[in-house]
Amino acid sequence: HLWRDLKIAVQRRSPSNSTELERICREKLEKLPKNRLEDQTKKLHKDMKKSTEADIAMSKAAVKISGDLLSNPLCEQDQAFLESMTALDTAMKRMDSFNQEKVNQISKTVIDPLKKYSSVFPSLNMAVKRREQALQDYKRLQSKVEKYEEKEKTGPIMVKLHQAREELRPVREDFESKNKQLLDEMPKFYHSRIDYFQPSFEALIRAQVVYFTEMHNIFSELTDQIDQAGLTDEQRERENEAKLNELRALSIVADD
């Protein structure tokens, strides 16, 4: 009912309600969904950029770790370890490549459209400010008219009242024009967000589905390559604990 209330406020104008008009218009404009939409769009754009930057950092770090493991001297001594680390390094590089493709796709289909959408708000905010200035001009001249209406109706006062009303007319028309423009166009702008963002969010979902499908394939292949013993996680944990106990039993690492 926001738009209806604003229209009613303008339609009910009279010499005695300029302050009430200002109050209603100001309260209603402060509650316009445009403000929330602008904040949410900027926040989403910022969060999406942070998310893609974190994704890139994660995959680059994984590639570095696998590269460090591959250059470990143990790879020169143990062929099985070399093969495992080679498989891991290959998998991490493939992951990084697919991750970069995903980020590029998200940047093109989500982040860039968000940025372009945000660029509209300065013009929208300027239209609101121009309407606010028109309201202030309207209020100032309306008060002038009211002042003369309250005075004794002498000849000079009636002349000044007539002049004040003539001065008020174009200012009031300017305010009503700017106000009507906002009332007509702002709801259209606000409701257009669904049609604008829907393709972006669909593209985001598709990019994530493609990426995680590829990740499933990559890590399934990696598991088949390095998990030849077929041990469960619990069995590996017990095996590692047994080996750690053997190391602890060595005299050079024994507690004093």
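Overview of results
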{"quantity": "Filter result (touching a residue at least 40 places away in the same chain (Cβ under 8 Å) and either of a type outside the set (Ser, Thr, Tyr) or more than 16 Å from Ser118 (Cβ to Cβ) (or both)) within the range 186-200", "calculated": "Met186, Pro187, Phe189, Arg193, Phe197, Pro199"}
{"quantity": "Residues of the range 49-89 classified as free of Cβ contacts under 8 Å to residues at least 24 places away in the same chain, closer than 19 Å to Ser220 by Cα and hydroxyl-bearing (Ser, Thr, Tyr), total", "calculated": "1"}
{"quantity": "The range 63-86 - residue that is of a type outside the set (Val, Ile, Thr) and in contact with an Asp or Glu (Cβ under 7 Å, 6 or more places away or on another chain) and, of those, surrounded by the fewest Cβ atoms within 10 Å (Cβ to Cβ)", "calculated": "Gly67"}
{"quantity": "Extreme residue, modelled with the highest pLDDT, among residues of the range 238-256 that are out of contact with any helix residue (DSSP H, G or I) (no Cβ under 8 Å at 6 or more places or on another chain) and outside any helix (DSSP H, G or I)", "calculated": "Leu250"}
{"quantity": "Condition broken by Leu222, with the remaining ones in (1) more than 30 Å from Glu83 (Cα to Cα); (2) surrounded by 10 or more Cβ atoms within 10 Å (Cβ to Cβ) satisfied", "calculated": "(1)"}
{"quantity": "Unmet requirement for Tyr190, which otherwise passes all of (1) loosely packed, with under 14 Cβ neighbours inside 10 Å; (2) over 24 Å from Thr86 (Cβ atoms)", "calculated": "(1)"}
{"quantity": "Residue within the range 69-89 that is within 26 Å of Met215 (Cβ to Cβ) and not in a helix (DSSP H, G or I) present", "calculated": "yes"}
{"quantity": "Cross-chain or 6+ apart pairs with Cβ under 6 Å, the range 201-215 first and farther than 12 Å from Lys108 by Cβ, then basic (Lys, Arg) and in a helix (DSSP H, G or I)", "calculated": "Tyr211/Lys102"}
{"quantity": "Contacts under 6 angstrom Cβ, first residue in the range 158-170 being without any contact (Cβ under 8 Å) to a residue 60 or more places away in the chain and buried (at least 17 other Cβ atoms within 10 Å of the Cβ), partner assigned to a helix (DSSP H, G or I) and basic (Lys, Arg), 6 or more apart", "calculated": "Ala164/Lys144"}
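Residue-by-condition table, conditions (1) closer than 30 Å to Pro199 by Cα; (2) in contact with a strand residue (DSSP E or B) (Cβ under 8 Å, 6 or more places away or on another chain); (3) modelled with pLDDT of 90 or more:
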site: Phe81; (1), (2), (3): no, no, no
site: Arg94; (1), (2), (3): yes, no, yes
site: Asn99; (1), (2), (3): yes, no, yes
site: Lys116; (1), (2), (3): yes, no, yes
site: Arg140; (1), (2), (3): no, no, yes
site: Glu166; (1), (2), (3): no, no, yes
site: Glu173; (1), (2), (3): no, no, yes
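For every residue, the table says whether it meets (1) more than 21 Å from the chain's Cα centre (by Cα); (2) surrounded by fewer than 17 Cβ atoms within 10 Å (Cβ to Cβ); (3) among the aliphatic types (A, V, I, L, M).
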{"site": "Leu88", "(1), (2), (3)": "yes, no, yes"}
{"site": "Asn104", "(1), (2), (3)": "no, yes, no"}
{"site": "Val110", "(1), (2), (3)": "no, no, yes"}
{"site": "Leu114", "(1), (2), (3)": "no, no, yes"}
{"site": "Pro122", "(1), (2), (3)": "no, yes, no"}
{"site": "Ala127", "(1), (2), (3)": "yes, yes, yes"}
{"site": "Arg131", "(1), (2), (3)": "yes, no, no"}
{"site": "Gln136", "(1), (2), (3)": "yes, yes, no"}
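The values are calculated or read from the model by the stated rules, or taken from the named source; none is laboratory data. Owing to the predicted nature of the structure, the values given are computational and were not obtained by experimental measurement. Glycine also receives a Cβ, built like all others from the backbone with ideal geometry; neighbour counts cover every protein chain displayed.
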